[in-house]
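Report on the following structure.
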Amino acid sequence: MFTGLVEAVGKVVSVVPGVGATRLAVEWKGAPGDLRPGESVGVDGACLTVATIAGERFEADAVAGTLERTTLGRLRAGDRVHLERALRLGDRIGGHLVLGHVDGVIRVVRVSRRGADRRLGLGLPPELARYVAPQGSVAIAGVSLTVAAVGRGSFEVALVPETVARTTLGDLRAGAAVNVEVDVVARYLERLAAPAEAGSRGPGRVR
């Protein structure tokens, strides 16, 4: 689990396809000294497991399902990616709860600027529209953002100067593809509000 507060912008060193998975090598300048194999790291919002570490470089495997559902299958050597380690018990949650389970890839449809106000317009697939609400939370390429507005088939997020400085979102242009993860709380609320399945009694008494 993550918070959507990017710790660093890393650089893809190599992408090596394999049988059933692709091995990604990522350079992390100033990588935490206690980073260990087996840990979870969010890479552009997709949760990956660290396989090996060598200095400021780590490697992780992305299976076929991850490559198909996220932008990781499009990565090439030299690309920059957002990096975030998984939460530890007791950490502050400065963004919102992000699972690292990407819901899909969406496109930037417009970029607007007015002084320090920079906004991204993003395509909103029908199957995700019910989870995106004004003033709600959404993770774009692993970055926790607040939804500024929702329209038909698209929504808008505002990028504060700190976000532009610490991430790659300020470099995005119309047509760019990004990972999106909707707010997990919205998903659970939908599940709780849905009619019970026929024949289901829910959690009954233990006799």
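Tell me the relative contact order for the stretch 8-85 as a rounded percent, counting alpha carbon contacts under 8 Å between residues six or more apart.
Values: 159 pairs, mean separation 30.6, N = 78.
Reported as a whole number, the value is 39 percent.
Specify which residue in the list A54, G121, L172 is farthest towards the positive end of the charge dipole of the chain, using unit charges on the beta carbon of Lys, Arg (+1) and Asp, Glu (-1), about the Cα centre. It is G121, whose Cα lies furthest towards the positive end. Over the stretch 104-192, all Cα pairs binned in 5 Å intervals from 0 give whole-percent P(r) values of 3, 14, 28, 28, 16, 7, 3, 1, 0, listed from short to long. The HN-Hα couplings worked out from phi for the stretch 101-117 by the Karplus form 6.51 cos²θ - 1.76 cosθ + 1.60 (θ = phi - 60°) are 9, 4, 7, x, 10, 10, 10, 6, 9, 6, 10, 10, 9, 8, x, 7, 8 Hz, whole numbers, x standing for Gly and Pro. Footprinting exposure proxy ranking of Y188, Y131, fewest other C-beta atoms within 10 angstrom first, gives Y188, Y131. What the Cα atoms of the chain give is an Rg and a Dmax of 18.3, 65 Å. Scattering from the C-alpha atoms of the stretch 8-85 alone, worked out with Debye: what is log10 I(q)/I(0) at q = 0.16, 0.17, 0.25, 0.26 1/Å? Taken in order of the listed q values, log10 I(q)/I(0) reads -0.49, -0.55, -1.28, -1.40. Only the Cβ atoms of Lys and Arg (+1) and of Asp and Glu (-1) were treated as charged; on that basis the dipole of the chain about its Cα centre amounts to roughly 400 debye.
Every number here is computed from the coordinates shown, using simple stated rules; none is lab data. Bear in mind that the values here come from a model prediction, so they are computed numbers and not experimental data. Neighbour counts run over all protein chains shown; Cβ positions are idealised from the backbone, glycine included.
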